[in-house]
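Here is the structure we will look at, set down as structure tokens.
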Amino acid sequence: MSFFSGPSGPPGCTSIQEQRDRWERKRSRTAKELVQTEQRYCQQLELINTYFVEILKAKGTLKPDIRDSIFSSIKAIHSANQSLLVHLENGFFGRGFEQFCPHLNLYNTYVDNIYNSSKVLRIQLKKSKAFRRFKILQEDRPEFNNQRLEDLLQLPVLRIDQYKHFLQGLAANMSPDHPEFQQISRALDALSEVSQRIQNNARRHENHLQLCRVQKLLKGRKTKVLAAGRWFLREGWLKVVPHKGKEAKPKMFFLFSDMLLQAKRCSPLHPTNGDKFAGQHAYPLQECSVEKVFGHTRSQGGLLSLTFPKTKLLLMSNNQEDLNDWYQSLSSAVRKLQNQSEDYLRDDLRRKPLQSERERDNTHTNRKRNMVNPESTERAQTSAEWGSSAPKRMKPSDTAEHRLLRSSSSSSADS
């Protein structure tokens, strides 16, 4: 009994063709959606350039540096995407993205500036009444379709992930021997790098906001939280167990990638710092060791033992899950710091032999240069003396014969 209504042929021939047809239909749908969204995207970029960038430049409402901080490279991005759209509308997807990818540095510039752009825009809306009125008038135009400038400025950032999604769909439904497969694959790799850059920037920005938040929670300026390369990891209440028989007191702990900050809550009656914390101790994690200690609490939970070069800290929690989370976070932070230190030392040791060898070569060369024939030195000194001034008369005691006589007489006296 045959399962295929078509003409008879080699087994599996019809099923392979059906699979190819399905790939072709999926690829066509993806390509159509890519073209339609690119058309809409270019229209939105044109709105920003026409009704904001160009008019603001002509009116001089904003200073050039402020205008560039807000809009960055969006004009150049619009130009590059218009060229891409021409290729996409003509069906040349591989060629279009191959010529578009060299312009991704414009997107790198834009995504690196996007958080600063949002900040400058907020400041100018507060400071400049003229700019605030201008923005409202432009956004009320029917062409904007109730879209705000803040949302439009995020479009290039969002478009990168959309490109990545569309190209993945094209490549997944394309045979490796397809003429455009290699071009699409290379473009996908390039867009993935920009996408990763966007994610890294988002993580850094979120971390910066967390550091600023913790800094504002601490009273005064004595405890510095904002530092280059520092990452916020977690925060929470833990009880500090004293070494002597005193009651364990709850403290607020802030864990960062390089230190553990202990703080206490300020008095709620304080007029300005009632909702803040006072930093007490900052424990560096570079030479810290973390251990779990059980059996010291009747209820669920346990102790964490943190050993530092000059002190030891016992932290208690009655919540087993919370204690495990703290243990994992602390152990991971310490391990990463120690691995970074080992990598740095290893790289330093790799570099030192090369430097010492180079220094030895330089020392050997300099030594060769400094090795001069005594006769030539004597002649040089003599010529220098004759050339500069009259020859000095040497004392009898300073001549070589007198030195030899003194040395021989001293040796005979010793014997």
Checklist outcome for this item: Checking rank on 214-226, 154-166, with mean other Cβ inside 10 Å and highest first, the result is 154-166, 214-226
Checklist entry - If you find the alpha carbon centre of region 31-102 and of region 126-144, how far apart are they in angstrom? => result 21 Å
Next on the checklist: With N set to the number of residues, divide the alpha-carbon radius of gyration of region 215-262 by 2.2 N^0.38 Å and report two decimals.
Outcome noted: 1.35
Checklist entry - Using the alpha carbon gyration tensor of region 17-212, what are the three equivalent-ellipsoid semi-axes (square root of 5 times each eigenvalue), largest first, in whole Å? => result 35, 19, 14
Item to check | Mean Cβ neighbour count within 10 Å, used as a protection proxy, ranking 267-279, 38-50 highest first | outcome: 38-50, 267-279
Next on the checklist: Treating region 232-338 as a set of equal point scatterers at the Cα positions, no solvent, please give the Debye-formula log₁₀ I(q)/I(0) at q = 0.18 Å⁻¹.
Outcome noted: -0.90
Next on the checklist: Could you sort the peptides 132-144, 75-87 by per-residue average Cβ neighbour count (10 Å cutoff), highest mean leading?
Outcome noted: 75-87, 132-144
Next on the checklist: On the Cα set of region 173-280, report Rg and Dmax in Å, please.
Outcome noted: 23.3, 78
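Read-outs: derived from the displayed coordinates by stated rules, not from any lab. Remember, predicted model here, so these are calculated numbers, not experimental data. Positions of Cβ are generated from backbone atoms using ideal geometry, with glycine treated the same way; all protein chains shown enter the neighbour counts.
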